[in-house]
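Read the structure below first, then the notes.
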Amino acid sequence: MLRSPRDFFKPKVVGAPEPLREIPVLPSRMIHFFDPSNPKMAVKVPDIAKTVDIMLGNLEDAVPIDRKEAAREGLVQIGKNVDFGNTQFWTRVNSLDSPWFLDDLIRLVGEIGDKLDVIMLPKIQGAWDIHFADQLLAQLEAKYGVKKPLMIHAILETALGVANVDEIANASPRMQGMSLGPADLAASRRMKTTRVGGGHPDYVVRTDPDPANPEAPRPTAQQDLWHYTMAKMVDACASVGALPFYGPFGDIADLTACEDQFRNAYLMGCVGAWSLHPNQIAIAKRVFSPKADEVAWAKRVVEAMPDGSGAVMIDGKMQDDATWKQCKVVLNLAQLIASRDAEYKALYGF
Ligand SMILES: CC(C)(COP(=O)(O)OP(=O)(O)OC[C@H]1O[C@@H](n2cnc3c(N)ncnc32)[C@H](O)[C@@H]1OP(=O)(O)O)[C@@H](O)C(=O)NCCC(=O)NCCSC(=O)C[C@H](O)C(=O)O
Ligand SMILES: [Mg+2]
């Protein structure tokens, strides 16, 4: 640890804004990625921004090397000219060891530091990366008179980063959350996959042979390659009040498998996922908004136990303090989403 607990919430540079004591919990069902150097995507930003919770201008992977500067300058223009309303505006900058990182931060904080909410940092390896970015951001915030502290979102996409996930989560009050980056993580771990997220048909468990019929086919069930990492990330984030996200699902045409991957993440505690293509936005919205029947059930449980204590039977199932708390999680999320999304407000009957 570099700072004493007493200093944790003090600005790291004279003139930088006070660090946040709590990370804002906002509807964050999808982080929609766009390449600011791609004119077809850039022109759609104002309209797409009205339909998503978070818009993210991507400067890192998927932006060709010869368009890195154009992407950065495109994002500056978009940040200055587009009214994002109550949609969060994020960026993913290039990695800390790249030749673009320093200029990404200087330009973006200098020009649109007060419009950006969160800086996503790729390929974070340990707390030292967050300490470095934290200090540099404080320098830039002070220099350019930025009024609210920029938050940091780390991508968990290296084996070392996964090993250090708890230290990363605790490294700074700027830590807004984390996303799983399955493609880089697979490469870093030397996994033998060639995909961006999702399952693999060969990663299975097989039923035992039937002793009465040893030659009979033995069904297999595909397993989730990302379960372990996602669980580690969710615990690391939840333990510090930061928000965990599933990352990208690269098979844009496979809407069913995308929905399954997103739903696993939702059930395990993630608040959202990345949308790489407009057709993934509706999936994320549907999956990361509680279902109406779950909300109705949660309401029934909470109403049956007004102070959240004791034990009652509802429809043959025992409810107590712990199920009450789970129901509050679902209800609070539904209320949060209803506060932003009229369609879900009507669906939930709030
Ligand atoms: C994946 C894509 C390359 C597909 O693009 P395209 O072939 O153009 O698809 P379509 O023809 O179906 O597109 C229809 C129109 O929609 C526009 N479009 C496409 N994607 C977006 C978008 N994200 N935002 C806004 N508009 C979009 C197209 O331009 C078409 O427009 P028009 O011709 O006018 O009708 C493309 O979707 C894409 O590049 N997506 C983003 C990819 C990305 O950001 N990748 C990086 C994140 S994943 C990652 O980094 C891995 C991670 O870090 C890890 O390690 O796991
Ligand atoms: Mg990556």
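When every residue of the stretch 129-139 is checked against the conditions, at least one turns out to be within 21 Å of the chain's Cα centre (by Cα) and within 16 Å of ligand 2 (Cβ to nearest atom). The residue pairs whose first member lies in the stretch 180-203 and is part of a loop (DSSP other than H, G, I, E, B), whose second member is among the acidic types (D, E) and near ligand 2 (Cβ under 9 Å from one of its atoms), and whose beta carbons are closer than 6 Å, counting only pairs six or more residues apart or on different chains, are G181/E157. The residues of the stretch 300-350 that are small (G, A, S) and under 31 Å from the mean Cα position of the chain (by Cα), listed by number, are G308, A322, A334, A338, S339, A342, A346, G349. The residue list E294, E259 contains one member that is open to solvent by 40 Å² or more (accessible area, probe 1.4 Å), acidic (D, E) and modelled with pLDDT of 95 or more, which is E294. Scanning the stretch 95-115 for any residue that is modelled with pLDDT of 95 or more and under 24 Å from L336 (Cα atoms) turns up at least one such residue. Among the residues of the stretch 126-135, what is the count of those that are surrounded by fewer than 22 Cβ atoms within 10 Å (Cβ to Cβ) and within 14 Å of P19 (Cα to Cα)? Summing the residues that are surrounded by fewer than 22 Cβ atoms within 10 Å (Cβ to Cβ) and within 14 Å of P19 (Cα to Cα) in the stretch 126-135 gives 2.
The residues of the stretch 254-293 that are assigned to a loop (DSSP other than H, G, I, E, B) and of a type in the set (A, V, I, L, M), listed by number, are V271, L276. Scanning the stretch 262-285 for residues that are near ligand 1 (Cβ under 10 Å from one of its atoms) and among the hydrophobic types (A, V, I, L, M, F, W, C), we see that the one that is surrounded by the most Cβ atoms within 10 Å (Cβ to Cβ) is W274. Could you look through the stretch 97-116, keep only residues that are assigned to a loop (DSSP other than H, G, I, E, B) and buried (at least 19 other Cβ atoms within 10 Å of the Cβ), and pick out the one that is farthest from ligand 1 (Cβ to nearest atom)? Ranking the candidates gives G113 first.
Residue pairs whose Cβ atoms lie under 9 Å apart, separated by 6 or more positions or on different chains, with the first residue in the stretch 206-233 and more than 29 Å from F249 (Cα to Cα) and the second acidic (D, E) and surrounded by fewer than 11 Cβ atoms within 10 Å (Cβ to Cβ), are P209/E215; R218/D208.
Note on the stretch 49-68: among residues that are away from ligand 2 (no atom under 16 Å from the Cβ), part of a helix (DSSP H, G or I) and touching a residue at least 24 places away in the same chain (Cβ under 8 Å), the one that is farthest from the chain's Cα centre (by Cα) is R67.
Residues are listed down the side, and each one gets a yes or a no for (1) modelled with pLDDT of 95 or more; (2) within 16 Å of ligand 1 (Cβ to nearest atom); (3) open to solvent by 20 Å² or more (accessible area, probe 1.4 Å); (4) among the aliphatic types (A, V, I, L, M):
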| residue | (1), (2), (3), (4) |
| --- | --- |
| I119 | yes, yes, no, yes |
| I124 | yes, yes, no, yes |
| L150 | yes, no, no, yes |
| T158 | yes, yes, no, no |
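Taking the criterion of being crowded, with 23+ Cβ neighbours inside 10 Å and either near ligand 1 (Cβ under 7 Å from one of its atoms) or part of a strand (DSSP E or B) (or both), the only residue of the stretch 34-48 that qualifies is F34.
Can you find a residue that is in a helix (DSSP H, G or I), surrounded by 15 or more Cβ atoms within 10 Å (Cβ to Cβ) and basic (K, R) anywhere in the stretch 211-232?
yes
Based on this model, can you work out whether L185 counts as surrounded by fewer than 14 Cβ atoms within 10 Å (Cβ to Cβ) and under 30 Å from A138 (Cα atoms)?
So L185 does not fit the description; no.
Any idea which of (1) away from ligand 2 (no atom under 16 Å from the Cβ); (2) without any contact (Cβ under 8 Å) to a residue 60 or more places away in the chain; (3) not aliphatic (A, V, I, L, M) is the one G161 doesn't satisfy? Here G161 meets the rest and fails (1).
The values are calculated or read from the model by the stated rules, or taken from the named source; none is laboratory data. This structure is a prediction, so every number in the text was calculated from the model and none was measured. As a convention, Cβ positions derive from the backbone with ideal geometry for all residues, glycine included, and neighbour counts pool all protein chains shown. Side chains included, ligands, DNA and RNA excluded: accessible areas come from the protein's heavy atoms. Shrake-Rupley method; radii C 1.70, N 1.55, O 1.52, S 1.80 Å.
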